[in-house]
Amino acid sequence: MDWDPDQRFNQLLESRGWSSLSPPAPKGLYRPVLRIDSFIYTSGHLPIGPDGAVVCGQVGRDVDEAQAAQAAALAMASILRALQQELGSLSKVARVVRLFGLVNAVADFTAHPRVLNGASEVLAEVFGSELGVGVRTAAGASSLPLGAVVELEAIFRLKSESLADAS
């Protein structure tokens, strides 16, 4: 049976109550997604729910690690929605290359990688444990745009047959 990342993503959204999630409009002068040759780069995405509300707070003060990991999963879902909008289908993605995440946390918080696991688990669920896991960096910040708990950006490689569609 073929792996269908769009179907898996839609099931994930449904199971988390995020079915109506849409990619948010840019909050400044930038492109949310940029395609160059066989790579797709995303700008920083925040955890913005289907209702348009940003998940805000600082880990260790306002939210706990589990809530922050859920926010990271939501931010990754936003990235994948933006990819679907750009590509028409997640099946055009060959693999996840890189995930970079910032965690809004108090100075003595050190579990940034565990927070980003929320995003990595979404990628693995949608693209599989081999192609959905790339390299990753998790870092802390004392504040993020709009007070968000996390901000994520990612790089994906396209399948070669999808390159004819590239603009």
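The values are calculated or read from the model by the stated rules, or taken from the named source; none is laboratory data. Note that the coordinates shown come from a computational prediction; the quantities given were computed from them, not determined experimentally. Note: ideal-geometry Cβ built from the backbone for every residue, glycine included; neighbour counts use all protein chains shown. To get the accessible areas, we keep the full protein, side chains included, count just its heavy atoms, and leave off ligands, DNA and RNA. Shrake-Rupley method; radii C 1.70, N 1.55, O 1.52, S 1.80 Å.
Things worth noting here:
- Lone qualifier among 67, 85 - being modelled with pLDDT under 95, surrounded by fewer than 18 Cβ atoms within 10 Å (Cβ to Cβ) and not hydroxyl-bearing (Ser, Thr, Tyr): 85
- Against the numbered list (1) in contact with a strand residue (DSSP E or B) (Cβ under 7 Å, 6 or more places away or on another chain); (2) more than 23 Å from residue 8 (Cα to Cα); (3) polar (S, T, N, Q), residue 110 comes up short only at (1).
- Looking across 128, 57, 49, one residue alone is within 13 Å of the chain's Cα centre (by Cα) and open to solvent by less than 50 Å² (accessible area, probe 1.4 Å). It is 49.
- Residues (of a type in the set (Phe, Trp, Tyr) and surrounded by fewer than 17 Cβ atoms within 10 Å (Cβ to Cβ)) located in the range 88-125: none
- Test: residue in the range 74-93 that is in a helix (DSSP H, G or I), among the basic types (Lys, Arg) and in contact (Cβ under 8 Å) with a residue 40 or more places away in the chain: yes
- Residue 143 buried (at least 19 other Cβ atoms within 10 Å of the Cβ) and hydroxyl-bearing (Ser, Thr, Tyr): no
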